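Below: the structure, in structure tokens.
Throughout, read-outs are computed from the coordinates displayed, never taken from laboratory work. Everything quoted here is computed from the prediction, not taken from an experiment. Note that we place each Cβ from the backbone using ideal geometry, even for glycine, and neighbour counts take in every protein chain shown.
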Amino acid sequence: MFERPLLRFVPNGTRINFMRGRFLGLATSAVLSVASLILFFHPGLTLGLDFRGGIVVEARTQGPADFARIRAALATQHVAAAGLQSFGAPDDVLIRMDTPPADAPDREARTQAMVDSVRHAIATLPGAQVLRADAVGASVSAELFRNGMLALGISLLMILAYIWFRFEWEFAVSAVITLVLDLTKTVGFLVLTHFEFDLVMVAAILTILGYSTNDKVVVYDRVRENLRKYRTMPLAELIDLSINETLSRTLGTSSTVFLAALPLALFGGASLSGFAWVMLFGIVVGTSSSIFIAAPLLLLLGERRLRRDARPAR
Amino acid sequence: MMYYSRLKMASVVAVCLLGVVLCLPNALRQPSAALPWRQIHLGLDLRGGSYLLMQVDMQSITSDRLQTLADGTRQALLGAGLGYRNIATDAQAGTVTFTPRDPSETDADLKALRAMPTAVPGEFSVDRRPDGNIAITLSPAAMHERAREAVTQSIEIVRRRIDATGAVDPEITRQGDDRIVVELPGISDPEHVKRLLGTTAKMTFHMVQDNALGTVAGPGVTLLPMVNAPDQKLPILDHVEVDGSDLTNAGAAIDQQTGEWAVNFSFDSVGARAFAATTQANIGHRFAIVLDNKVVQAPVIRSAITGGNGQIVGGFDAQSATDLALLLRAGALPAPLSVIEQRSIGPSLGADSIRAGALSLGAGFVLVIAFMGLFYGRFGWYANVALLANLVLMAALLSLFQATLTLPGMAGMLLTLGMAVDANILINERIREEVGRGRTALAAMQAGFERATSTIVDSNATALLAHVMLFVFGTGPVRGFALTITIGIVTTLFTTLLLSRMLMVRWYARTRPTVLPV
């Protein structure tokens, strides 16, 4: 263990014919992405406090949370329409409220005042304490949402520009199409798991994008190198060779990132576990899409162009 | 590629040692004079505390300025013996408009108004409108400047008010054009602070219009509600006799005669003179103490008050009297502030988060190290040494910049560790491939370093792009995440391209192996 490696992912000289299954890969991806898009429109993402606005108060009660008593306490403070939910432990409870309707007077001030009302209500319950109390006004949540989407969009564009600059356009376009497909699947995962979509999730998605791009860059880098090395090899075979050569590395890096994120999902606490599960999902999707989506797309887009120089030799 | 000069090796080792030194303050409890004392700040989500995002009401700054401009216009016109009708302000357009008494006076009006004194040269322009009215328009640049000053001044006053509450290490910063962020570590219930900051505390002294003239609003008179009886309104003259900014001190005390809570205040010399003159001239009339457009008190002046001291009695309790005194001492806000976002975390949740974050970080570190040892042998352990150095350097840079570590930031450190070994994996896999192609140990290692470098730079550059965007557009804890990842990318490039490679090269130079442990 301290001198020679004990384990290997794939033996030297592994040659798996990935390109044979390229249409199956693309079709599976397309089906999953379309399903995710349907999920995105119905039932849709669960927006977190950052993007939805309103208030969230997390409280710890003495013994398991008694929702009826909490509701009664809230009623004494004239707080209505409160959503209650257990959170992590049985004695932890989340109290949620939406912002007042858009036409309500003093909308912002009332959003902020709701937190104090809920605090006063919790104070009437013996032994209960407020762990966390957040209130986000409607104007701020709209702004946070816009900024989150801007960060996502600009990152995608910059990744496109970077790969374009470093490689040829076929590489950049296939990478960004693959990233968008990855992104839709992550959205589908978020809808299915009911993890809240907030700024922390945007951070997770951006990290996944960065990781996934990294993975594609490594494979593409090898494709480019092999394009120079084997001037007459057909593109399909060449891409297959490149994937196989980098397979050990692809699996190695995704394992270490996966292993690093796993403890977060298991012990990171209620606030980070959603983030970590999305990361884990994204690592699996990003790794497989490098092989099954990005590479076949490159083959489709580049079949004529990338091998044009080589053709006359035959 | 395969040669490290002594100087280069010494510098790599020196950087690592410097990292350890910079980390040390975090391990000690007490500041030590021997060390550069810079620690990582714990974010509010780990430490417990409150975050308030406040919006400065820019509209009111414009309308306040327009109000004074309208007063100035009246005085300038009356002073020149000119008349006016329909004087009005429009906060949206930033204008004061009026109709000249007679069209023939228009030129004289323009002349008188253009001679009005201004705070800043070119603050406003005076024009004749096609409909014959005259408009005084504030220049957008001057308004912008005034708004900027108002926010700066607000920050100063917010700081004074918060300091007066005894909060520890408050952070007050400007955000964007018209927002103020207040961060209060250790204060998990910000209700009191919110109330203090939500009060403008603009106190002014006015005369009350005599009852003989009726209780109606008119030019120069406004009906204002009483604090204790909002339904009851008093006609208050707009003219300010004495301004609350002329106060030097204020304190809460129990009034000896009534046993009620009261706020005592004293004027500075300007205020005392004005107060004496006003009370002298208006014995027998009512004057009003107006706080944020509400009448606190409207007593009848019995005698001239010349000492420069006064007292406000308005049905206070201990808390509200103390608060008002604090607000008067700190000064009035130039414009109302309102909270638009608040986040507060109790100390127990913060401690839970630190525990969860540290546990995850430890477990993730051990898993990655075990993986590298199992899958890459000796070179894997070199990567692990670099990983440890990476963690130390990240902590060192975070301490050096006194950056804020948040819970997502801890997640960022963990992911950096997972991603960092990618560079070593790339190099090792490449060496393995080259060995498989029958190259010698030296040639294989050389090829591994050479080929992997551009890939490593490419992959880190794309990750860097995404996280810089996140830092630019993100707020709060998410920025902490982006910052740690960005710092992590820098330290990763150092530890993988220089440190772990150096370990491998040194090992080769020492043992000259013919077979590599791959």
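Below are the figures for this structure:
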| item | result |
| --- | --- |
| Dipole of the stretch A:166-230, positive end: most advanced residue of A:TYR211, A:THR186, A:PHE197 [Cβ charges, Cα centre] | A:TYR211 |
| Per-residue mean of C-beta atoms belonging to partner chains within 10 Å, peptide B:428-441 | 2 |
| Given charges at beta-carbon only (K, R positive; D, E negative), |dipole| of the stretch A:54-136 in Debye | 180 |
| At least 24 Å along the helix axis (C-alpha) and Kyte average at least 1.0, DSSP helices within chain A | A:22-41, A:138-166, A:169-193, A:235-267, A:270-289 |
| Cα gyration tensor shape for the protein assembly as shown, rounded if a/c is under 1.5, else prolate or oblate | prolate |
| Nearest-ten-degree value, helix B:476-494 long axis tilted from longest Cα axis of chain B | 30 |
| In the stretch A:9-73, the trypsin sites (Lys or Arg not before Pro) that fall in loop regions by DSSP, at most 13 other Cβ within 10 Å | A:ARG15 |
| Volume of the Cα convex hull of the stretch A:162-314, divided per residue and given in Å³ | 95 |
| Nearest 10 degrees, 0 to 90: helix B:269-281 Cα axis against chain B principal axis | 30 |
| Global form of the stretch A:140-205, assessed from the alpha-carbon gyration tensor, a/c cut-off 1.5 | oblate |
| Projected area, mean over directions - the stretch B:58-143, Cα convex hull, nm² | 5.2 |
| Where Rh is the Kirkwood radius over Cα pairs, Rg/Rh for chain B | 1.19 |
| FRET efficiency estimate (nearest 0.05) - Cβ-Cβ, B:GLU171 to B:VAL13, R0 51 angstrom | 0.85 |
| Whole-number D in µm² s⁻¹ for the stretch B:198-343, Kirkwood Cα-pair radius fed into Stokes-Einstein, 4 °C, 1.567 mPa s | 81 |
| Once exposed loop chymotrypsin sites (Phe, Trp or Tyr not before Pro) are cut out (DSSP; at most 15 other Cβ, 10 Å), longest piece of chain B | B:38-400 |
| Rg ratio (alpha-carbon, reference 2.2 N^0.38 Å) - the stretch A:54-136 | 1.04 |
| Three principal axis lengths of chain A [C-alpha, angstrom, descending] | 85, 52, 29 |
| MRE, 222 nm, helices only [DSSP H, n ≥ 4, -39500 (n - 2.57), over chain A, to nearest 500] | -21500 deg cm²/dmol |
| More than 15 Å apart - percent of Cα-Cα pairs taken over the stretch B:381-447 | 62 |
| Estimated FRET transfer efficiency when R0 is 56 angstrom, pair B:VAL385-B:ARG74 (beta carbons, to 0.05) | 0.10 |
| Integer Hz, Karplus 6.51/-1.76/1.60 couplings in order for the stretch B:97-107, x for Gly and Pro | 10, 8, 9, x, 4, 9, x, 5, 7, 3, 5 |
| Beta bridges per DSSP with both ends in the protein assembly as shown, % antiparallel, nearest 5 | 95 |
| Loop-resident sites, the stretch A:224-314, for GluC sites (Glu not before Pro), counting at most 15 other Cβ within 10 Å (DSSP) | A:GLU303 |
| Nearest-0.05 FRET efficiency for B:LEU359 and A:ARG4, computed from C-beta distance (R0 35 Å) | 0.60 |
| Helix axis angle, B:318-330 relative to chain B longest principal axis, alpha carbon, degrees | 80 |
| 11 Å cut-off, amide nitrogen to a point 7 angstrom out along B:GLN311 Cα→Cβ, residues in the stretch B:257-281 | B:257-265 |
| Kirkwood Rh in Å, taken over all unlike Cα pairs in the stretch B:121-256 | 19.4 |
| Cβ-based charge dipole, chain B, positive-most Cα from B:THR165, B:VAL182, B:THR248 | B:VAL182 |
| Shape category assigned to the stretch B:239-290 from the gyration tensor of Cα positions, a/c cut at 1.5 | oblate |
| Label-point separation, A:PHE23 to B:LEU24 (7 Å along Cα→Cβ), nm | 6.8 |
